[in-house]
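The values are calculated or read from the model by the stated rules, or taken from the named source; none is laboratory data. Note that this is a predicted model, so its numbers are computed, not measured. Heads up, the Cβs are rebuilt from the backbone with ideal geometry, glycines too, and the neighbour counts pull from every protein chain shown. Heads up: the accessible areas ignore ligands, DNA and RNA and are worked out on the full protein's heavy atoms, side chains in. Shrake-Rupley method; radii C 1.70, N 1.55, O 1.52, S 1.80 Å.
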Amino acid sequence: MADARSLAVRGALPVLQQLKLGRCTVEIGPAEAQALNHLLGWLTEVALPDRSRSVPVPLEMDDESKYMLDGYNEHFSQPEPEYKRGQALGPPLSSAWQDTILLVTVKRLGSKWLAKTLASKKTKGSTEALSAELAETVFDWSAFDAVRINELSAGRPLEVTAHAVLSKLGVVERLRLNRAKLSAYLGAVERLYKPENPYHSNTHAADVVQGVACVIDCDGLVSRLTDLEALALVLAAVIHDAGHPGVNNAYLVRVVQAPAIVYSDLAVNEYGHLALAFETLFHHHEYNFFADMPEDDWRFVRRTVVELVLGTDMAQHTKDLASFTSTAKLLGGDFGTWEGESRALALRFLLHACDISNPARPWHVCREWAARITRENFEQGDKERAQGLQVSPICDREKANPLKGQLVFATLFVRPTWEAVGLLCPRLSATALAHVGANAARYEKLLAQGLTDIPA
């Protein structure tokens, strides 16, 4: 068997050979046409790496919706740094994030700070109510509520949700992972998240972990994944926003923050999450459950986690959506026949789908997370205004229409993503898309009433 790229090349080869021989008219069947189209897509990616990553504006869209879509495209883009000659390079982040990035990439400064952070904020004790809630909902897309799990777990929803998922999947036993170290590591990663972030918090991470659990379980994908792939997918969800500073990549680049310098403006947050999470794992013996795994296994998991977390950068959304869709159409819905790069692409895209899935959940969950991301965006906009920067459109509390923005995001980003997920996971996709449709209708109804704010 071969991966999607090899199949495309192989399928297109007879046609290319005839063209090479100077035959101007070549008979092309459906299979060859599909292979050529797929190969052309990849060649376009290579030849035109700087093509627009923006979501195009539908012709029928009203002006306010266009403004919000332009805002999203700008929010997820990679801007040029904004600073004047002689200006200080932005106020340094007084957070775990900057200290740890410098720790990992420069001289491992701040180790005392990291140890203090990892040791702080420990909470104890799951209750019977928590155990019952997780048992009933951890693989139920429509019933799970990470905010409720946060309340029942005394502020540690990520640790308890990840434990429940990994236990039910059985990978801890089959891979003979060191349970004590794994448990300690999950708790340590949870403490790296900033609870003051309205959106990018340990509760959001728990929500994404449960989302990937549903992806693995719902359509029988679990029987097509290796245990190492399942572990990598869950672990990537656990760490994907660790230490998030509460501002996006564009902001860090514009004000030339230290992480943007370290990572040369590329996927600044995502590289930071990875560095922080793996620093915590490798440099603390009591957390390093990798140490008890065969080297080939843990290196595969680490490599896969890196690939998956980098795929949560929204700047990759349009490209990854197109790549996954074309690959799934070529290889078909049986993931067991996928190999090599195609499998990594699928896992990367599925994690991304779960990361942006709030509009694909029931209304009470969708509404809660819409309010949280709006609050976090507005806090970033306040920082931009205070620093004399142009305020990002979706972060401007004086101009943005949060209801319209959520409608645009649900219909132009989330819906196409979950339609693509349906090529591998049709049952889960149908459930998610039903929620997207219902939530979009709610937003439209509220907008028709002249409202602009997310309802309480």
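Sorting the segments 284-290, 208-214, 360-366 by their mean number of nearby beta carbons within 10 angstrom, highest to lowest, gives 208-214, 360-366, 284-290.
The protection proxy used here, the mean number of other Cβ atoms lying within 10 Å of each residue, ranks peptides 264-274, 317-327 as follows, highest first: 264-274, 317-327.
Could you work out Rg/(2.2 N^0.38 Å) for segment 136-231, with Rg from alpha carbons only? Please list the in-between numbers first.
Details: Rg = 13.3 Å, N = 96, 2.2 N^0.38 = 12.5 Å.
Computed over Cα atoms of segment 136-231, the ratio equals 1.07.
For segment 125-449, the solvent-accessible area of protein heavy atoms averages 33 Å² per residue (probe radius 1.4 Å; ligands and nucleic acids excluded). Eigen-decomposition of the gyration tensor built on the alpha-carbon atoms of segment 327-456 gives equivalent ellipsoid semi-axes of 32, 19, 10 angstrom, largest listed first. According to the Kirkwood relation over distinct C-alpha pairs, the hydrodynamic radius of segment 125-449 is 20.1 Å. Label separation (residue 74 vs residue 387): 1.6 nm, computed from points 7 Å beyond Cα along the C-beta direction.
How much length is gained if the chain between residue 173 and residue 60 is pulled fully straight, taking 0.36 nm per residue apart and subtracting their Cα-Cα distance, in nm to one decimal? Before the final figure, lay out each step's value.
Numbers: separation 113, 0.36 × 113 = 40.68 nm, distance 5.37 nm.
Going from the current span to full extension adds 35.3 nm.
Here residue 456 and residue 319 are evaluated by their C-beta separation; at R0 = 51 Å the FRET efficiency comes out at 0.85.
Among 237-246, 368-377, how do they line up by average Cβ neighbours within 10 Å per residue, starting with the highest? Don't jump to the answer; show the numbers that get you there.
Working: 237-246: 26.2, 368-377: 20.5.
The packing order, highest mean first, is 237-246, 368-377.
Stretch residue 419-residue 448 to full length: gain in nm at 0.36 nm per residue minus the Cα-Cα span?
Numbers: separation 29, 0.36 × 29 = 10.44 nm, distance 2.68 nm.
Net length gain for the segment: 7.8 nm.
The slack between residue 329 and residue 129, meaning 0.36 nm per residue of separation minus the straight C-alpha distance, is 67.7 nm. Counting Lys and Arg as +1 and Asp and Glu as -1 over every other residue whose Cβ lies under 11 Å from the Cβ of residue 456, the net charge comes to -1. Take every Cα pair under 8 Å whose residues are at least 6 apart in sequence, average their separation, divide by the length of segment 333-431, and the relative contact order is 28 percent. For segment 136-151, 3J(HN,Hα) computed residue by residue from phi via the Karplus equation (6.51, -1.76, 1.60; θ = phi - 60°) reads 7, 10, 5, 10, 10, 4, 8, 9, 6, 9, 5, 5, 5, 5, 4, 5 Hz, glycine and proline entered as x. Among the listed pairs 319/404; 194/445; 66/319; 168/194; 319/383; 66/383, give every one whose C-alpha distance is greater than 32 Å. In this structure, 194/445 lie more than 32 Å apart at Cα.
Taking all Cα pairs closer than 8 Å and separated by 6 or more residues, the relative contact order of segment 125-449 comes to 18 percent.
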